[in-house]
Amino acid sequence: MSIYAIQLEILLVILGISTLLTDAFKPAGDKRRLGLTLGVLVGVVFCFSFLLKAQTDTAFHGLYRLDAFALYFKRLFLVATALVLVMSAEFAKRIESGVAEFYALVLFAATGMLLIASVNDFVLLFVALELVTITFYILASYLRRQVTSLEAGTKYLILGALSSGFTVYGIAYVFGTTGTTNFDSLAAALRTGGIPNGAFTFGMLLVLTGLGFKIASVPFQIWAPDVYQGAPTPVTAFLAVGSKAAGFALLLRVLLAGLLPVQGVWALLLLVLAGATLAYGNLGALPQRNLKRLLGYSSIGHAGYMLMGIAAVNALGAGAVLFYLGQYAFTNLCAFLAIVAVTNATGTEEIDGFAGLGKRAPILGLALFLAMASLAGVPPLSGFFGKFQLFAAVVEAAQTDSRYYWLAAVGAAAVVVSLYFYFNVARAIYLQEAEDNSAIPVTAPVRVALWICMAAMIGFGIFQRPLVEMAVTAASVFGLK
Amino acid sequence: MNPVWIILFAPLISAAVITLLTRKAQMLSALISCAAIITGFVLTLQLYSAMGHGEAHSLAPAPLTWLVIGDLVKIEIGATIDHLSVLMLLVVTGVGSAIHIYSLGYMKGDPGFSRFFACLSLFTFSMLGIVLSNNFIQIFIFWELVGVSSYLLIGFWFEKHSAAEAGKKAFLTNRIGDFGMMLGILLLWTQTGTFCFAELPAKIAAIPAGTLSLIAALIFCGAVGKSAQFPLHVWLPDAMEGPTPVSALIHAATMVAAGVYMLCRVAFLILPSETALHLIAWIGGVTALMAATIAIAQNDIKRILAYSTLSQLGYMVMAVGLTGITPAMFHLTTHAFFKALLFLGAGSVIHALHHEQDIWKMGGLWKKTPVTFWTFLIGTLALAGVPPLSGFYSKDAILLLAFEHNKLLFVIGVLTALLTAYYMGREVFVVFFGKPRDHHAYDHAHESPAVMTLPLVFLCVLSVIAGWGDKIPHFISEHMAEHGEHPALLTAGLIAVPVIGFLVAASIYLRPNPSDEPVKKALGKLWTLVENKYYFDELYALIIKYVQGTIATLCELFDRFILQKVGIGGLAGTTSLAGKTLRYLQTGNIQSYAFLFGLGVTVIIYYVVVR
């Protein structure tokens, strides 16, 4: 049973280690092909994951769960990893040395994320979280000769260490006051023990601090713009898609499985933080001129949207968050793939550098445009339906507590503001004239990856049912109403 | 799969395949498009023969549910199969097939060959959608799709300014009618709560008479637009800017007939309302006479036919207004045959003369283009209503109906018939007889290839036989009320009318060098009036300039100064100021980041734990 539960993780670790070993003994000549091969292999693992069945009982003495929720996230991470590897392969020529290690680190981070999807205990939570975070410290500063990359890595390291400190301190308090680190027994203890004391709340808030850092929620969002801008683009993409989804997986699991009995304490806090995060991310994005930095702010804003779904504490909201993360992965990867392809040719990440992209490389222009439109939530793209569900969840919550209407109002205002800066990018793509009108080459793998992402954005926007059903099944493990 | 769905969706698939895949391969694209509609025609024939054996309704496929909003709204995409729709299917796919094949020759060498066939297929899909609709929402959707595809086809040669303008004019004029139709549909829904044709008749009785008349009149607006009735008739003559096969398919045989078909489809709404019937009959009568008078003074071979189409559509609408659903559909069918024939014949002439459309530059063509001439002549006689051709039977059915119900409309109808014979005689005599006026063009004139003449012959045969034995009226309504015996004098008179018209035309125009001078002299000011189409375009331009222009200017001022400056400007300024302020938080300094992080934790803990 235990081995069955972790076979996807095992496969990824084998892939990672064999990458390292082959590179040590017989370095691959073509680093790009290596990345593409790994991307395809991870894609195979993704297909393989559909053979697995969700389990009702836990593994490793309650540490680990392979339920529908875990499987949903594992698949999400696998798709994201495959696409990030394709992106890394395109990016490989900009990495001076250690390309194989770069791929291996991506795979190890992915392993951590897969573990995170199954976490059922604070101890495993910490271990898996650190596996992901420490890998990202290295990845973010991988362009060693570039000051911005080093700066991004350092900032992420220091603030990340700080947040890890808070988290582990908080875990100690939770363990000290309840006597358990397991989510199930924690929930049971809270249900019978009634209202917890201050020390427990203190510990719980510190744990949430660490998770808030992962998802870049206010007031722990401050690192995001700098790190997003400075890190190598595939790493930024992985941060935006994988790391953020991992944070949400943990947040959902901790809050809805472990801490659901004390929702009175945290629901209102999340409501306030969601509103603040929405405002910060979307307002902060307005004056940005660098596209990666803009997407950094955008990722803060989107954390706000998804927090809305958790703050609503209902089945609709939990399902909506899962759907949102699923489509958000394709949308963001689409944008970052286009950015990598463009910056490979032009060397700039400024929005002005994307002027005339619609003419210089129609497919990149279209992909980036669709990604921006989906992020802004324009129908019929998937981002629209994702937002629709989140808002529906908040409005449903507002039926019992009218304060949620305020959150919905803030969210609506945020959507309006976000249209401005997303369409600023669209304007550059289609309406501004480029100084240099030479065509930008697009390689076949990028083309394929872009088509996949665009098909997902449009497909899940129009035929939402398959993904919605998966998300709802996954969210049903929490038994919310 | 139910064959009805194949009939409907084959053209859509063809349009998609051509646009997305085979645009580069011109001949393949054209063949795909032809195959789609011919498949539809064959399946429709099967449907027609199956219909003879048993229940019509059992052939209809189960409707697909498209949109459900609670108990409030349920919208289906379904198909109605009855005598009315099968007849219309036969017309659309049959005449459509002929025109598709004809286009293979006519459009040969055009750079937009594939695009043309893609648009043609899209149009066919939309038109079939209207024919098959089983509810008002569906018919409205396809109604608009027909508008769009018609726009694409009229403006097919968009690089020509006049064609682009004509497309725009057609689309906008149609939208005016469609808006009325939409209001009518919504009003009907508020009264009955359903859009479905099958459920509506039972609920009509509950609607107050005044409201029902209003609904019928509003829905009739849609037909006024599509079937180019007065006062929205102005778009159809301009639509002749499109390629000639388009004029034949859309602006003679099918799309413009959609208005009449729709009225027949929703006859259950119109027949109970005396007021609406009067309105419809008179609009039809006025259009018939007005268009016929304009036609006598036009010089473009296609525009004459366009005004003739307006006039004949007027007959059909008038017939609906006189409660004659069967005569209306009968005339619709025969008209589709001979008018498509005439347009294709005109196209053949234009093709022969290298895109010359002015009848005064033609002449003596009967020797050069014999097939075109003979088929055109037969089409003309059918249109004029000469026995035993199809037009005689269908037109007489309408005139006799008018004789029974409304003597004044009968007089209008007879006058129109007289004029019809006259202007068609003028066209035939000027184009095919007399001496050639442009010798260069005449010397190079040639008969069109078989791919174009065969459809002419096919349509010619239909134009001759369609009226025989009253087969079509009997198909539409099996228990058609038999007409009472009419005085032999009346029938003889109706036969004499076109003959008189032709004789008058012959006396003026059947000479070596005909001209309009004698008529101009006789009519005086009246000639100027009809030559300028009663100045409708000028009148509309003035209305748009003064009424719409003033309102638009006021709105623009409000938008620019109140909304943009104060409203948007103020909001946007505040928002972007907030954004810029947030930037100061993002110093890039790691110490301050860590400080803010710690501060955040402290504040949260303070608020949740301590307070």
Could you give the longest part of chain B that holds none of the GluC sites (Glu not before Pro) found in DSSP loops with at most 14 neighbouring Cβ atoms within 10 Å?
B:200-477
Set A:Lys31/A:Lys292; B:Lys160/B:Lys395; B:Lys226/B:Lys361; B:Lys339/B:Lys367; A:Lys53/A:Lys481 screened for pairs whose C-alpha atoms are more than 27 Å apart
B:Lys160/B:Lys395; B:Lys226/B:Lys361
With the label point 7 Å along the Cα-to-beta-carbon line of A:Glu96 and a cut-off under 20 Å to each amide N, the hits in segment A:16-48 are A:31-32
Long-range amide H partners of A:Asp121, meaning residues 5 or more apart or on another chain whose placed amide H is closer than 5 Å, are A:Phe183
Could you calculate the FRET efficiency of A:Ala28 with A:Leu431 from 1/(1 + (r/R0)^6), where r is the beta carbon distance between them and R0 is 56 Å, rounded to 0.05?
0.85
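Using only Cα atoms, figure out Rg for segment A:264-481 and give it as a multiple of 2.2 N^0.38 Å. Display every interim value, and only then the final one.
Working: Rg = 17.9 Å, N = 218, 2.2 N^0.38 = 17.0 Å.
In units of the 2.2 N^0.38 Å rule of thumb, it is 1.05.
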Residues with amide H under 5 Å of B:Trp66's amide H, sequence separation 5 or more or different chain, H placed in the peptide plane at 1.01 Å from N; which?
B:Ile75, B:Glu76, B:Ile77
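Can you give the FRET efficiency for B:Phe595 and A:Tyr169, using 1/(1 + (r/R0)^6), R0 = 22 Å, r = Cβ-Cβ distance, to the nearest 0.05? It would help to have the intermediate numbers written out before the result.
On the way: r = 18 Å, r/R0 = 0.83.
For R0 = 22 Å, the calculated efficiency reads 0.75.
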What nm value, rounded to one decimal, do you get for the distance between B:Leu554 and A:Ile14 when each label is placed 7 Å out toward the C-beta?
7.8 nm
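Per Stokes-Einstein, at 20 °C and 1.002 mPa s, what whole-number D in µm² s⁻¹ belongs to chain A, with the Kirkwood radius over Cα pairs as the hydrodynamic radius? Can you show the working numbers first?
Working: Rh = 22.2 Å.
For these conditions, the coefficient is 96 µm²/s.
For A:Leu269 and A:Lys359 in one chain, what is 0.36 nm times their gap in residues minus the Cα-Cα distance, to one decimal in nm? Could you put the intermediate results ahead of the total?
On the way: separation 90, 0.36 × 90 = 32.40 nm, distance 4.72 nm.
27.7 nm is the gain from fully extending A:Leu269 to A:Lys359.
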How do B:Lys361, B:Lys203 rank when sorted from fewest to most other Cβ atoms within 10 Å of their own Cβ?
B:Lys203, B:Lys361
Among the Cα-Cα pairs of segment B:298-431, the proportion with separation greater than 23 Å, in percent, is 32 percent
Diffing segment A:437-450: the Karplus 3J(HN,Hα) column from phi (6.51, -1.76, 1.60, θ = phi - 60°), in whole Hz with x for Gly and Pro, holds 9, 5, 6, 9, x, 10, 6, 4, x, 5, 4, 4, 4, 5
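Divide by every residue of chain A the summed helix terms, -39500 (n - 2.57) for each DSSP H run of at least 4, and state the resulting mean residue ellipticity at 222 nm, rounded to the nearest 500 deg cm²/dmol.
Values: 21 runs with 358 residues, N = 481.
About -25000 deg cm²/dmol.
Looking at this model, which pairs from B:Lys168/B:Lys565; B:Lys302/B:Lys471; B:Lys169/B:Lys533; A:Lys155/A:Lys214; A:Lys93/A:Lys359 are more than 22 angstrom apart at the alpha-carbon? Intermediate results must be reported in sequence, preceding the final value.
On the way: B:Lys168/B:Lys565 33 Å; B:Lys302/B:Lys471 31 Å; B:Lys169/B:Lys533 16 Å; A:Lys155/A:Lys214 14 Å; A:Lys93/A:Lys359 25 Å.
The answer is B:Lys168/B:Lys565; B:Lys302/B:Lys471; A:Lys93/A:Lys359.
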According to the Cα gyration tensor, what semi-axes, each the square root of 5 times an eigenvalue, does the equivalent ellipsoid of chain B have, listed from largest to smallest in whole Å?
50, 30, 27
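For Cα pairs less than 8 Å apart in space and 6+ apart in sequence, what is the mean separation divided by the residue count of segment A:264-481, i.e. the relative contact order in percent? Walk me through the numbers before you get to the answer.
Details: 343 pairs, mean separation 67.7, N = 218.
Answer for segment A:264-481 is 31 percent.
Hey, what did chain B get for relative contact order, percent, Cα under 8 Å, at least 6 apart? All intermediate terms of the calculation are to be shown ahead of the outcome.
Working: 925 pairs, mean separation 71.5, N = 611.
That works out to 12 percent.
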B:His446 to B:Ala62: extension gain in nm, 0.36 nm per residue of separation minus the Cα-Cα distance?
133.1 nm
Hz values of 3J(HN,Hα) by residue in segment B:377-391 - Karplus curve (6.51, -1.76, 1.60), Gly and Pro given as x
4, 5, x, 4, 5, 5, 4, 5, x, 8, x, x, 6, 4, x
How would A:Asp121, B:Asp443 line up from fewest to most surrounding beta-carbon atoms within 10 angstrom?
B:Asp443, A:Asp121
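Can you pull out the trypsin sites (Lys or Arg not before Pro) in segment A:83-166 that DSSP calls coil and that have at most 14 other Cβ atoms within 10 Å? Before the final figure, lay out each step's value.
Values: sites: A:Lys93, A:Arg94, A:Arg144, A:Arg145, A:Lys155; in loops: A:Arg144, A:Arg145.
Listed in order of number, the matching sites are A:Arg144, A:Arg145.
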Under a 5 Å amide H to amide H cut-off, with H placed in plane at 1.01 Å, what residues pair with A:Glu350 once short-range neighbours are removed?
A:Leu291
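Efficiency by 1/(1 + (r/R0)^6): what FRET value for B:Leu377 and A:Val416, r their Cβ-Cβ distance, R0 = 56 Å, to the nearest 0.05? Working shown, then result.
Details: r = 67 Å, r/R0 = 1.20.
The value I calculate is 0.25.
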Run the numbers on segment B:110-167 and let me know its relative contact order in percent, using alpha-carbon pairs under 8 Å that are six or more apart.
29 percent
From the phi angles alone, apply the Karplus equation (6.51, -1.76, 1.60; θ = phi - 60°) to segment B:248-255 and give each ³J(HN,Hα) in whole Hz, x where the residue is Gly or Pro.
5, 6, 8, 9, 9, 9, 10, 4
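Any chance you could run the full-extension gain for B:Trp360 through B:Trp157? It's 0.36 nm times the residue separation minus the Cα-Cα distance, nm to one decimal.
Values: separation 203, 0.36 × 203 = 73.08 nm, distance 2.44 nm.
Length gained, B:Trp360 through B:Trp157: 70.6 nm.
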List, largest first, the extents of the alpha carbons of the protein assembly as shown along their principal axes, each in whole Å.
114, 65, 62
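Which of A:Val416, B:Val266, B:Val609 has the fewest other C-beta atoms within 10 Å, and how do the rest follow up to the most?
Details: A:Val416 12, B:Val266 23, B:Val609 16.
The fewest-first ordering by Cβ neighbours comes to A:Val416, B:Val609, B:Val266.
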Roughly how many nanometres apart are two label points built 7 Å out from the Cα toward the Cβ at A:Ala398 and B:Lys471?
6.6 nm
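Values quoted throughout were computed directly from the atomic coordinates according to the rules given, and no laboratory measurement underlies them. Keep in mind that what you see is a predicted model, and the values were worked out from it rather than measured. Virtual Cβ from ideal backbone geometry, glycine too; neighbours counted across all protein chains shown.
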